[in-house]
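Beneath this line is the structure, given in structure tokens, with notes to follow.
The values are calculated or read from the model by the stated rules, or taken from the named source; none is laboratory data. Keep in mind that what you see is a predicted model, and the values were worked out from it rather than measured. Here the Cβ positions follow ideal geometry from the backbone for every residue, glycine too, while neighbour counts run over all protein chains shown. For the accessible areas, the whole protein counts, side chains as well, though only heavy atoms, and no ligand, DNA or RNA atoms are used. Shrake-Rupley method; radii C 1.70, N 1.55, O 1.52, S 1.80 Å.
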Amino acid sequence: MTSPQARRPVVAANWKMNTGPDDGAALARAVAAESLPFAQVDVVLCPPATGLAAVVAAVQGTPVAVGAQHVFWEESGAYTGEISVPMLEGLATYAVAGHSERRQLFGETDLDVQRKTLAILSGGLTPIVAVGESLDQRDAGETLGVLRSQVTRVFEALTPAETAACVIAYEPVWAIGTGRNATPEQAQEAIGWIRDIVAAVQGLQAAELVRIQYGGSVSPENCQELLCRDGIDGALVGGASLDAGKFAAIVQAAAP
Ligand code: PGA
């Protein structure tokens, strides 16, 4: 069920709560310079919200895209501290929803992730929907069930065309920031399950078109063996994305 030619690899940098406007802009310029030769890969930088404008200015005129790490699904109103999708106009063309740090530390539920994904799509942005199991869940043999409920809850609310327009990031929680990446076999197996779940919910065509990344301790050392796997359409990168050279190596490994 793969049609790799139809799916452009996408490598996204999740800078998390690192960088301000100035150092973020400098990092973005370095990434744009390093990544420019790799025209077959969509490259997305997700700085903290306060750095979005500076990063947009820094990558202007390059193919590098900018994404938000977090949005709220309402458009405006009394939601202190939140940022809505319409407020990102001109600042982001992607937005992450469902990152495990948001789920674990800030109590985001599958229903929240669904609402955010719908809001991101209705604003014309591309959602990067993150899913993944904890170590306890993997050890208990619950990975497939966890992925089924996380993926179904979001994608049952979308149309097939909206589904196809999304990026999904498979990020096993135990691999994030731990230096312990999933093996290529584990990543490929879970991503295959995710594609099957999308097919069950939204049909084969949407499942063939939706891009599914791997995320969790991706590095220049392990990216080649992960990203050459059929069905793995790029990476969501945390730690290594704060170094332009390391991130560029990962972008290069994602090129077909
Ligand atoms: P990591 O983070 O690459 O530092 O493991 C990945 C992520 O949280 O998206």
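Near Val85: Cβ cut-off under 13 Å, other residues only, Lys/Arg at +1 and Asp/Glu at -1. The net charge is -2. Placing +1 on each Lys and Arg Cβ and -1 on each Asp and Glu Cβ, with no other charges, gives the range 195-256 a dipole about its Cα centre of roughly 100 debye.
Positive end of the dipole of the chain (Cβ unit charges, origin at the Cα centre): among Thr93, Gln69, Ala57, the Cα lying farthest that way belongs to Ala57. Evaluating 6.51 cos²θ - 1.76 cosθ + 1.60 at θ = phi - 60° for every residue in the range 95-111, the Karplus couplings come out as 8, 7, 9, x, 4, 5, 5, 5, 5, 7, 8, 10, x, 6, 9, 4, 5 Hz, glycine and proline recorded as x. Sorted on the mean count of surrounding Cβ atoms within 10 Å across their residues, most packed first, peptides 109-119, 207-217, 77-87 read 207-217, 109-119, 77-87. Amide hydrogen proximity for Thr126: with H placed 1.01 Å from N in the peptide plane, the residues at 5 or more positions away or on another chain lying under 5 Å are Tyr94, Ala95. By the equivalent-ellipsoid construction on the alpha carbon gyration tensor, the range 113-184 comes out with semi-axes of 25, 14, 9 Å, ordered largest to smallest. Charge dipole (Cα centre; +1 on Lys/Arg Cβ, -1 on Asp/Glu Cβ; no other charges) of the chain amounts to roughly 280 debye. Taking θ as phi - 60° and the Karplus parameters 6.51, -1.76 and 1.60, the scalar couplings of the range 6-13 work out to 7, 10, 7, x, 9, 10, 10, 9 Hz in sequence order, x denoting glycine and proline. Think of each Lys and Arg Cβ as +1 and each Asp and Glu Cβ as -1; about the Cα centre, that makes the dipole of the range 35-163 roughly 180 debye. Diffusion coefficient of the range 210-256 by Stokes-Einstein, Kirkwood radius over Cα pairs, 4 °C, 1.567 mPa s: 125 µm²/s.
Average accessible surface for the chain: 42 Å² per residue, computed with a 1.4 Å probe over protein heavy atoms with every protein chain in place. Dividing the summed helix terms, -39500 (n - 2.57) for each DSSP H run of n ≥ 4, by the number of residues in the chain produces a 222 nm estimate of -12500 deg cm²/dmol to the nearest 500. Close amide H partners of Asp233, meaning residues 5 or more places away or on another chain with modelled amide H under 5 Å apart, are Ile212, Gln213, Tyr214.
Across all Cα pairs in the chain, the calculated P(r) in 5 Å bins from zero up to the longest distance comes to 1, 7, 15, 19, 21, 18, 12, 5, 1, 0 percent per bin. Protein heavy-atom surface of the range 166-253, 1.4 angstrom probe: 47% of the accessible area is carbon and sulfur, with nucleic acids and ligands not counted. Note on the chain: dipole from Cβ charges, positive end direction compared against Gly238, Ala249, Phe38; the farthest Cα belongs to Phe38. Taking the accessible area of the range 22-110, probe 1.4 Å, and keeping the other protein chains in place, the carbon and sulfur fraction comes to 55%.
The mean sequence separation of alpha-carbon pairs under 8 Å and at least six residues apart, normalised by the residue count of the range 159-222, gives a relative contact order of 55 percent.
Over all alpha-carbon pairs in the range 1-145, figure out the percentage whose distance exceeds 27 Å.
27
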